[in-house]
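Below is one structure, written out as structure tokens; the observations come after it.
Each reported figure results from applying straightforward, stated rules to the coordinates on display, with no laboratory input. All figures in this text were calculated on a predicted structure; none of them were measured in a lab. Here the Cβ is made from the backbone with ideal geometry for all residues, glycine too, and neighbour counts use every protein chain on show.
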Amino acid sequence: MIRTIRPTDVLRLIFDGRNLGPDCSHTWDKLGVYQNTVFGPTQNVGSIILQGQKEPCTVIVNGIHLGGLASVRLRSGPTTWEVHFLNLPDDSIEDSVSLLEFVCKLAGDRGAHKIFLRVPVEDSVISMAKQSGFEVLFKEILYKKLGNDRAQNETKYIFEEASVTSDSMLYRIYSECISPSVKSDYGLTFDEWKDSLEPAYGDVEEAVYVSEGKIHGWIRVITGKTGSNRMEILIHPTEELFVWEEAINWGLEKGIRSNPCLILVPEYQTSLKLALEKSGFIPNETYQLMAASLAVRIENSELIPAKA
């Protein structure tokens, strides 16, 4: 039976959670963290129960046992959500597809237009996600540099710290840096892009690069809760490779030196990959980003429910 989670399921989560296997959903805050089980730690059990309406969750219940679980949460705005926890049964493709469809419906009932899912590139979940309405967007490579390997190149300090970066400013950089096909998948309008941003979950420092009076580069470094330094970089495509390298140097300088540095790179950002490898970063896992669209676009770029 597939249904929403209930407070009375807490015992199922505690006793069967460890038997569910690895969490298949790799949100930004979980990347680089070993995910042995969906609900191994007791705090995860309490968290999903207490989130209630804020983080809808569906489960497969077989008698007194738990057979699968899927939960979704908001990203940065009301129209864009992401699959937070995910474990699908190995013995039933039909149940797996139904579980994902059900949790997407719950998000849609709460205003979701799009739901993202990130999984390892070779994961069998991809096939089942496609059957439930998710589409393949692009691959992402997780680059890593260990905390004890933080030697930096000489920097020219062309990036300036920004105490506040406006959303409109970042959207302009995003619009100029990203191809139309990717923007159509990720976020075309300002509101779509803003809602699709992945939450920081930690302490944030930002810097910008100004060229000819215009901002041509942005970097954000997130430290704290995850035990690693996480970087996000956007550079105008007309800039030379050294600008990417300078952004990386700034990020390495601002991060906690004893912690590893992580950056998730979309496959189309060739210059960033080159700059990272030149700076000593090593490519690790590769992920597939997917999305389920619960709304369709009409000519004036507005979105309406897909089944309207």
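Here are some notes:
- Just so you know, the Rg over Rh for region 100-224 is 1.02, from Cα atoms, with Rh as the Kirkwood radius.
- 5 angstrom amide H check on residue 66, placed H, neighbours 5+ away: none
- Neighbourhood charge, 13 Å Cβ-Cβ cut-off, centred on residue 268 and excluding it, Lys, Arg +1 and Asp, Glu -1: 0
- Rounded to whole Å, sorted largest first: equivalent-ellipsoid semi-axes of region 143-286, Cα gyration tensor: 23, 17, 16
- Entries of 144/183; 139/278; 156/254; 139/183; 114/144; 145/273 with Cα pairs more than 19 Å apart: 144/183; 139/278; 114/144
- 12 Å Cα-Cα reach of residue 194 towards aspartates and glutamates, excluding residues that sit fewer than 8 places from it in its own chain: 167
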